[in-house]
Each structure stands twice: as C-alpha cells, then as structure tokens.
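Here the structure is laid out as structure tokens; the discussion comes afterwards.
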Amino acid sequence: MANASVRIVTQIYSRQKALIIALLLIVFLFVLGQVTVSNFLSLPQVLLTVKLSAFIALFGLCQMIVIAGGGSGLDLSVGYAATITAVLTASIMDGRNENLWMALLFAVGIGVAVGLLNGLLTAYFKLPPLVVTLAMSNILQGAINVYTAGKNITGRPSPVLQILAAKSTGIFPNILLILVLVTPIAMVVLYKTKWGMMLFGAGANETAAHLSGVNVRRVRCVSFVVSGLLASLIGLLLVGNMGIAFKDMGSNYVMPSIAAAVVGGVSLSGGNGNYFGVILGAIFLQTLTNLLVALGWGDAGKWLGFGIVLFVLLIVYVSNRRKR
C-alpha cells in the first residue's frame, strides 16, 4: 500500500514537475515576503499581485505558442506590437464606447500584419526568430517615435475597456475574469485541435512532423501570426488598465513573458508546454518583483531578479539537454 502511494506520488511529480516547482517557488516567496515585509500577504496585496500577473501571463501565452513550434522561436516584438496598438487605438476610441469596435479591428490588423511578417521571414526565409523579432521591435519603436514626435499622445480608452481591464467586480479584478476565459480556450486550441497537435509535433521533431504530412513552415508562420494578434489585443487591455497610452508601455513585458514561459516549464527547444505553468510562472515573477520593490531594490532589483532567474533556468535547461 505504501509502495503504491509512493509510486503514484512519483508519477504525479514526474508528469507535473514544472507546475509543482513553480507552485513551490510561489509559496516560498509569499512566506519570505510575509516574514520580511509587513502586510505582504494581505488580501488587497495578493489580489494586486495576481492582477499584474495576468498581463504577464497573457504575454506569456504569446511566447509559449511561438516557442512550442520549435525552430528556436521567440517573439521579442510582442511589447511594441502591444504599444503601437495602444498608442494608435487610444485616439480612435477617444473615450467613447461606440468606437471600441473600430479599435478592435485596427488592433487585429496591426497584430496580424506584424505576426505575418515575423512568420514569413522566420519560417519561409529561414531567418533567426531572435533577429527578426528584435528588428521588428525596433521598427515598431521607431514608428511610434515618428508618430508621437513633437506631440502628446491623445485619446482615452472606452469606458467598457476600462471596466474590463482596470476595474473590479467585488474584490476580484476583472482582468482575472479575462484570463479565466482565455485559459480554457488556449488549452483546447493547443491540446485538443489538429493545429495544436501539429504545433507541438513540429517543435518536438521537425523531421518526423514533416514525414507525417505536417507543413512545418506554415504551422510556425501561423504561430507568429497568433502571437502578434494576441499581443496587439493585449495592447488594448494595457491602455484600458492605464487609462492612457504612452511610449514603451508594453516593452517591459517582453523579458517577463519569456521568463514566465521558462519558469512554467516550456522547453526552449519546443514541443511541449503547459499554460497553467506559464500562469504560475507569471505569478512567481510578479511576486518576486513585489518583494524586491518592497525591500527597496526598485526597478534595478526587479530586472536583476529577472536576469538571475533566466540565467539559472538556462543553465538547468542546458544541463538537462546534455544529460539526454
């Protein structure tokens, strides 16, 4: 009986190792924060942490989809895809609900265009995703600077968008409701649809996927389109949460989104990933940020913490690959 229980626990741990480790890291940070900082585990503070984590988790979904397809996929352009959407749609909405549909169409157009260009250059022209998306990020940043040169960014989000992104229902932030809706949709698309299976298959073994009839290039191209589209829609949520649009408002999410995916167990070589793990990774990173800021480390400490986390995880990743 005891041996059977140990065997079951061992099997659960081996299957859900990344989720368990991420959850333990979160618990450790919460305990450490409560010991070192007063009211660190107060309900308002925990809800604020989870609210801010939701934005990282949504950007993390972009990274997970691109990474899962293999080919050394990463999308460094998600931050500025979100920013340019926020900057341009703020003036379109101008604080009116009737203009929200126009902003949505504009966001979809921007996201698809950015993602398609990234996908074509990486999947069909075989350019490194890191270089392509970094170049795209710089192009978008330049476009924002040209658009805003010598003038203030005008416009405000629609009231409905502000309610969705910034307000709360009772004590629970509405952005969490969006994440709760997005999560099962993402899980179904990734794990229950043909495209999701092809995406993970292309990442796990490109040759085997090709021999099985999977158009690997098309699948990877579509993954960048989906990433760009999601990033652009997240840009709408950002401007709804902030109430205004400004330059660089989405760029700070690029590194945390990658770190959240890696902390959540998404293999950088592609072929696997669990979105629940990415969400836990986002909560871990936001909790780490809150703790470092509360200890007086500020933004410098936050980025130092993110860098150390990524560095350690990359060492573990390389070590595991060598053992295989």
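The values are calculated or read from the model by the stated rules, or taken from the named source; none is laboratory data. Bear in mind the structure is a predicted one, so any value in this text is a computation, not a measurement. Cβ coordinates were reconstructed from backbone atoms using ideal geometry, including for glycine residues, and neighbour counts include every protein chain displayed.
A quick yes/no check of all residues on (1) free of Cβ contacts under 8 Å to residues at least 12 places away in the same chain; (2) under 25 Å from residue 270 (Cβ atoms); (3) surrounded by 16 or more Cβ atoms within 10 Å (Cβ to Cβ):
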| position | (1), (2), (3) |
| --- | --- |
| 49 | no, no, yes |
| 63 | no, yes, yes |
| 72 | no, yes, no |
| 89 | no, no, yes |
| 105 | yes, no, no |
| 116 | no, yes, yes |
| 131 | yes, yes, no |
| 141 | no, no, yes |
| 152 | yes, no, no |
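When 22, 54, 18 are screened for being at pLDDT 90 or above, surrounded by 10 or more Cβ atoms within 10 Å (Cβ to Cβ) and either assigned to a helix (DSSP H, G or I) or of a type in the set (Gly, Ala, Ser) (or both), only 54 passes. Determine whether residue 122 is of a type outside the set (A, V, I, L, M), crowded, with 19+ Cβ neighbours inside 10 Å and either closer than 14 Å to residue 235 by Cα or in contact with a Leu (Cβ under 7 Å, 6 or more places away or on another chain) (or both). So residue 122 does not fit the description; no. Checked against (1) more than 23 Å from residue 256 (Cβ to Cβ); (2) part of a loop (DSSP other than H, G, I, E, B), residue 70 meets all criteria but (1).
Given the condition among the charged types (D, E, K, R), closer than 25 Å to residue 165 by Cβ and either in contact (Cβ under 8 Å) with a residue 12 or more places away in the chain or out of contact with any Asp or Glu (no Cβ under 8 Å at 6 or more places or on another chain) (or both), answer yes or no: does some residue in the stretch 17-27 qualify? There is no residue in the stretch 17-27 that is among the charged types (D, E, K, R), closer than 25 Å to residue 165 by Cβ and either in contact (Cβ under 8 Å) with a residue 12 or more places away in the chain or out of contact with any Asp or Glu (no Cβ under 8 Å at 6 or more places or on another chain) (or both). Only one of the listed residues (104, 74, 88, 58) is touching a helix residue (DSSP H, G or I) at 6+ places or on another chain (Cβ under 8 Å) and within 20 Å of residue 126 (Cβ to Cβ). That residue is 74.
Residue 48 meets each of the listed conditions (1) over 28 Å from residue 176 (Cβ atoms); (2) in a helix (DSSP H, G or I) apart from (1).
Conditions (1) at pLDDT 95 or above; (2) over 27 Å from residue 219 (Cβ atoms), marked per residue:
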position	(1), (2)
156	no, yes
166	no, yes
169	no, yes
172	no, yes
175	yes, yes
182	yes, no
192	no, no
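Note on the stretch 182-213: residues that are crowded, with 18+ Cβ neighbours inside 10 Å, without any contact (Cβ under 8 Å) to a residue 12 or more places away in the chain and more than 15 Å from residue 275 (Cβ to Cβ) amount to 1.
Residue by residue, here is whether (1) in a helix (DSSP H, G or I); (2) at pLDDT 95 or above; (3) on the phi > 0 side of the Ramachandran plot holds:
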| position | (1), (2), (3) |
| --- | --- |
| 61 | yes, yes, no |
| 79 | yes, yes, no |
| 95 | no, no, yes |
| 136 | yes, yes, no |
| 152 | no, no, no |
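Only one of the listed residues (266, 225, 262, 214) is at pLDDT below 95, touching a Leu at 6+ places or on another chain (Cβ under 7 Å) and farther than 20 Å from residue 51 by Cα. That residue is 262.
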